[in-house]
Amino acid sequence: MAKDYYQTLGVSKSANADEIKAAFRKLAHQHHPDKPGGDEAKFKEANEAYQVLGDPEKRQKYDQFGTDAFQNGGGGGQGFGGFDFSGFQGAGFEDLGDMFGSMFGGRRAQRVRRGEDIRVDVDLSFKEAVFGVQKEISVTKNNPCERCGGVGAEPGTEMQTCEDCGGDGVKTVVQRTILGNIQTRVQCASCHGEGEIPKTNCSNCRGEGVMRNRKTLSINIPSGLDDGNIVRVRGEGEAMKGSEPGDLLLHIHVASDKRFERDGETIFSTASIGFTQAALGDSIDVETVDGPVTLKIPTGTQSGTEFRLRGKGVQTRRGRGDHLVTVKVETPKRLSREQKKLLEELGLRGEKE
């Protein structure tokens, strides 16, 4: 079904450029998805209508051919995916920016701007890295103003259209290049891309929308992290008015533990046993990250034998790894005559080659 762009904007076919722009601005402010009660579908419809009626060349084609002028093979430019490229060369790069704005929910292209990320070093013990831990992280950074919620306006006061950009949130800049004049659209510095500014600035942040202060976060550090890993906490970086906040990047440093070594989800340790324990067998206590556990030493255990304690390794999303214990048989260094005689009688000498 053909679309009636004039009806979408609520203007007559004889409306001039200023009337069309004013009608679009009103609908954009009313239906913008970022505003409470906004309607993304209606915002996209208004945006689509304005991209055509707000451009004299496109409007002329629309009046002559209707929306068919912007379909594949139509009498205007060559369409692609429902978007018109016909004004790309004549009107400049701002048409391309508007197209991308329509593709992503009708939001302005400058919304992709975001605050800076913040890096914080976090020290974990060996055991905290294995099981995970709740950490309190304090960061001094720009945070949204608590009084105005980041809007910049004194609570209870109204917003007004930005005079610098006329409420568009962007300004057109013409650059001279060897290819000719190129128009680009940049975020309005006065309203930070919002299209409106406070009538009365917030008494707390003075209209900036952000305050620099110290914020303490309680962050769940997941289990299984290793030294050098990075945990990204979305939206807890530097805040910026009119933009998405950056992220908080936690650079993990895991302390060593003289009792254990680690490779991925597997933990390694060694346990020393006596010559008699190795020969006759025994039960010993070995240290794990869960605490001491009993390990049965079979008769005739050789030095270097490896025992696997299942489910005593590093906790990961896939489950827990294992703990491998390598036993080291300690040979007695000092023996009495009687002890030496007994060993000789046992005939434990290895066979000669």
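Looking for something part of a loop (DSSP other than H, G, I, E, B), not small (G, A, S) and not assigned by TED's automatic domain parsing to the domain that holds G224 - is there at least one such residue anywhere in the range 268-278? Quick ask: steps written out before the conclusion?
Looking only at the range 268-278, we keep the residues that are part of a loop (DSSP other than H, G, I, E, B), and these are none.
No, every residue in the range 268-278 fails to be part of a loop (DSSP other than H, G, I, E, B), not small (G, A, S) and not assigned by TED's automatic domain parsing to the domain that holds G224.
Would you check which residues across the range 160-217 are in contact (Cβ under 8 Å) with a residue 12 or more places away in the chain, basic (K, R) and assigned to a loop (DSSP other than H, G, I, E, B) and list them?
Listed by number, the list holds a single entry, K199.
For the range 182-197, check the following and say yes or no: at least one residue is modelled with pLDDT under 90, at positive phi and either under 19 Å from the mean Cα position of the chain (by Cα) or surrounded by fewer than 19 Cβ atoms within 10 Å (Cβ to Cβ) (or both).
no
Please verify whether Y62 is closer than 22 Å to C162 by Cβ, crowded, with 20+ Cβ neighbours inside 10 Å and at pLDDT 80 or above, treating the condition exactly as stated. Talk me through it step by step, then tell me what you get.
On the way: closer than 22 Å to C162 by Cβ: no; crowded, with 20+ Cβ neighbours inside 10 Å: yes; at pLDDT 80 or above: yes.
Against the criterion (closer than 22 Å to C162 by Cβ, crowded, with 20+ Cβ neighbours inside 10 Å and at pLDDT 80 or above), Y62 does not qualify.
For E57, state whether it is within 26 Å of G242 (Cα to Cα) and exposed (fewer than 15 other Cβ atoms within 10 Å of the Cβ).
no
Do we have any residue at all in the range 282-305 that's surrounded by 13 or more Cβ atoms within 10 Å (Cβ to Cβ), of a type in the set (D, E), touching a residue at least 12 places away in the same chain (Cβ under 8 Å) and not in a loop (DSSP other than H, G, I, E, B)?
Checking the range 282-305: at least one residue is surrounded by 13 or more Cβ atoms within 10 Å (Cβ to Cβ), of a type in the set (D, E), touching a residue at least 12 places away in the same chain (Cβ under 8 Å) and not in a loop (DSSP other than H, G, I, E, B).
Within the range 125-142, which residues are surrounded by 19 or more Cβ atoms within 10 Å (Cβ to Cβ) and either in a strand (DSSP E or B) or acidic (D, E) (or both)?
E128, K141, N142, listed by residue number.
For the range 43-54, what are the residues that are crowded, with 21+ Cβ neighbours inside 10 Å, more than 14 Å from A22 (Cα to Cα) and touching a Gly at 6+ places or on another chain (Cβ under 6 Å)?
The answer is F43, and nothing else.
Given the criteria within 30 Å of C148 (Cβ to Cβ) and assigned by TED's automatic domain parsing to the domain that holds R119, does S218 qualify?
Criteria met by S218.
When S303 is evaluated against the numbered criteria (1) closer than 18 Å to G224 by Cα; (2) over 35 Å from the mean Cα position of the chain (by Cα), which criterion, by number, is the only one it fails?
(1)
If M99 satisfies every condition in (1) under 27 Å from the mean Cα position of the chain (by Cα); (2) at pLDDT 60 or above but one, which is the exception?
Condition (2) is where M99 drops out.
Please count how many residues of the range 218-239 are out of contact with any Asp or Glu (no Cβ under 9 Å at 6 or more places or on another chain), outside any loop (DSSP other than H, G, I, E, B) and surrounded by 14 or more Cβ atoms within 10 Å (Cβ to Cβ).
Matching residues across the range 218-239 total 1.
Of all residues being touching a residue at least 60 places away in the same chain (Cβ under 8 Å) and in a loop (DSSP other than H, G, I, E, B) in the range 243-259, which is farthest from R212 (Cα to Cα)? Just the residue, please.
S256
The values are calculated or read from the model by the stated rules, or taken from the named source; none is laboratory data. This structure is a prediction, so every number in the text was calculated from the model and none was measured. For neighbour counting, all protein chains shown are included, and Cβ atoms are generated from backbone atoms with ideal geometry for every residue, glycine included.
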